[in-house]
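A short reminder: the numbers here are calculations on the coordinates, not readings from a lab. Treat the numbers as computed from the prediction; the structure is a model and nothing was measured. Cβ placement follows ideal geometry from the backbone for every residue including glycine, while neighbour counts extend to all protein chains displayed.
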Amino acid sequence: MRKSSCRFIVNAVGKGGQTYLTHCQDKHELKKWLAEHQDDLLMNELKIIDRKMHPLLKLFSRKI
């Protein structure tokens, strides 16, 4: 099985109820995608997962 090389996983909800799921290789690509879709997204429903973040930091960065 081939290992995926994406770093960021974006899960978002659009203003019309659409669901977005995309993968980005780096921060530049992530910022570009967010800039292109900013008007269509509900920013409070945006979830970005950094797959290369240290596991200990993941514990402290979760929202309550």
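So here's what we get for this one:
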{"item": "Where trypsin sites (Lys or Arg not before Pro) in DSSP loops with at most 15 other Cβ within 10 Å are excluded, longest remaining stretch of the chain", "result": "16-50"}
{"item": "Net charge, residue 35 excluded, C-beta distance under 13 Å - Lys, Arg +1, Asp, Glu -1", "result": "-1"}
{"item": "FRET efficiency for residue 6 and residue 61, using Cβ-Cβ distance with R0 set to 22 Å, rounded to 0.05", "result": "0.70"}
{"item": "Nearest-ten-degree value, helix 27-37 long axis tilted from longest Cα axis of the chain", "result": "20 degrees"}
{"item": "Dipole magnitude of the chain, debye to nearest 20 (Cβ charges: Lys/Arg +1, Asp/Glu -1, about Cα centre)", "result": "440 debye"}
{"item": "Unit charges at the beta carbon, dipole of the chain: most positive-side option, 41, 16, 6", "result": "6"}
{"item": "CD proxy at 222 nm, helix term only [per DSSP H run n ≥ 4: -39500 (n - 2.57); per residue of the chain; nearest 500]", "result": "-7500 deg cm²/dmol"}
{"item": "Entries in 15/58; 27/58; 31/52 that, when Cα-Cα distance is taken, lie over 22 Å", "result": "15/58"}
